[in-house]
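What follows draws every value from the coordinates through simple rules; no lab data is involved. All values reported here derive from a predicted model rather than from experimental measurement. Because the Cβ atoms are built from the backbone with ideal geometry, glycine has one as well, and the counts that use them run over all protein chains shown.
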Amino acid sequence: MRMGFRWFGEGNDTVTLDQIKQIPGVTDIVWSLHDVPAGEEWPMDKILEVRDQAAKAGLAIDVVESVNVHEDIKLGLPTRDKYIENYKRTIQKLGQVGVKVICYNFMPVFDWLRTDLHKELEDGSTALFYEKSKMADLDPFELVRRINENSALTMPGWEPERLAHLTKLFEAYKSVTEEHLWQNLSCFLSEIIPVAAANGIRMAIHPDDPPWPLFGLPRIITGQDNLRRFLKLYDSPYNGITLCSGSLGANPANDIVAMIHEFADRIPFAHIRNVRVYENGDFVETSHRTQDGSVDIAGIVKAYHDIGFTGYARPDHGRHLWGEQCRPGYGLYDRALGIMYLWGLWDAYQRGASIERGNEA
């Protein structure tokens, strides 16, 4: 397993590369060009700039998260062709600098969604929170305003230039069903997976977060059955999954350990994080420690160990600790603590397997 750390770029992150490289076992940054609008071709000079910054800190750039998919592709509009061509050219450029995995999602309009970005927990830390009862009356325009309140830092999945056309997007999606979305995703895969394969890049779709419909918009990457269907759309090792334990874990019916075993050879990238799910459907993000949430993090890490996982992983959203001023969910302290917890589990499983092999000998 290779451990990465999401980094939003020079001047767009409160965490520095020097800090990241001091976290034990971290070899990679998980990065993107957050100033390039969805659908646009990525400029090579900007790609090289990130590569050089990372190399100076001794960090690899193997995983990109995300190359965002333009809404016209998800909607299946005739204009999608030019955006798919831009996507292909971006894949080719990323292959030239050694990128191995591209994480992306196919969520209509909204990426991840929470109702509170700073919910106070019992210990005084704060975290991202989803309150189910608020969703019934929540104005999506007000939600966009709140999430983008801190304009100094970009919010992944909540790009202002796209959400400025919210009314138009909602209107466009009125006639789009889940089956339409599946068809449009299949079309997208048929175009990009051959290009990704030719450039040695594994595409890895991220599950919907949370994994259910929102504001009447369809969502299709929500659980084991749908992931199985997704992988059959284009049966190739280059068509894979970003298995996110936090997104999928918001639905207690999702058995993530079973997914790891079933989809073992199609998971190039893993997000590992914990959430505490309440009986009323609310959930809050917690520390990575198994006992602090509802997700079996210890079992998940053991599953990755048992399948011989050699892909990339990163701690996902963390709490906000010790007064840290940071992008919601993306501070330094709790994600660094999370990494050490994940390595502790991994090392324990490694040692146990080594002892077991010794006893057998």
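Which residue, 289, 51, 146, tops the fluctuation ranking in a GNM of the chain built on C-alpha contacts under 10 Å?
Comparing 289, 51, 146 in a Gaussian network model of the chain, the most mobile one is 146.
Of the GluC sites (Glu not before Pro) in the range 235-318, which ones lie in a loop per DSSP and count no more than 10 other C-beta atoms within 10 Å?
279
Based on DSSP, what percent of beta bridges with both residues in the chain are antiparallel, to the nearest 5?
Values: 10 of 36 bridges.
Counting only bridges with both partners in the chain, antiparallel ones make up about 30 percent.
Given H placed 1.01 Å from N in the peptide plane, which residues other than close sequence neighbours of residue 269 have an amide H under 5 Å from its amide H?
Close amide H contacts, sequence-distant or interchain: 241, 243, 312.
Dividing the alpha-carbon Rg of the chain by 2.2 N^0.38 Å yields what?
0.95
What does the helix-only formula give at 222 nm for the chain: each DSSP H stretch with n ≥ 4 adding -39500 (n - 2.57), the total divided by the residues, and the result rounded to the nearest 500 deg cm²/dmol?
-12000 deg cm²/dmol
When a/c reaches 1.5 or more, the comparison of a/b and b/c decides; with that in mind, is the range 158-296 rounded, prolate or oblate per its Cα gyration tensor?
oblate
Of the candidates 212, 322, 346, which one comes out as most mobile in a Gaussian network treatment of the chain with C-alpha springs shorter than 10 Å?
Highest fluctuation among the options: 322.
Mean-square fluctuation check for the chain, GNM, Cα pairs under 10 Å: which of 303, 270, 198 is largest?
Fluctuation is largest for 198.
Amide H of residue 30: which non-local residues (sequence gap of 5 or more, or other chain) have their own amide H closer than 5 Å, using H built in the peptide plane?
Sorted by chain and number, the residues that satisfy this are 5, 6, 7.
Taking the Cα centre as origin and putting +1 on Lys and Arg beta-carbons and -1 on Asp and Glu beta-carbons, what dipole magnitude results for the range 2-360, to the nearest 20 debye? Mind dumping the intermediate values first?
Details: 38 positive and 51 negative charges, 132 e Å.
Here the size comes out at about 640 debye.
If we count every other residue with Cβ under 12 angstrom of residue 344's Cβ, Lys/Arg +1 and Asp/Glu -1, where does the sum land?
Values: positive: 289, 351; negative: 347.
Its environment carries a net charge of +1.
Would you mind calculating the gained length between residue 82 and residue 49 on full extension (0.36 nm times residue separation, minus the Cα-Cα distance), in nm to one decimal?
9.3 nm
Longer than 23 Å from Cα to Cα, which of 74/232; 88/174; 88/168 are they? Say none if no pair is.
88/174; 88/168
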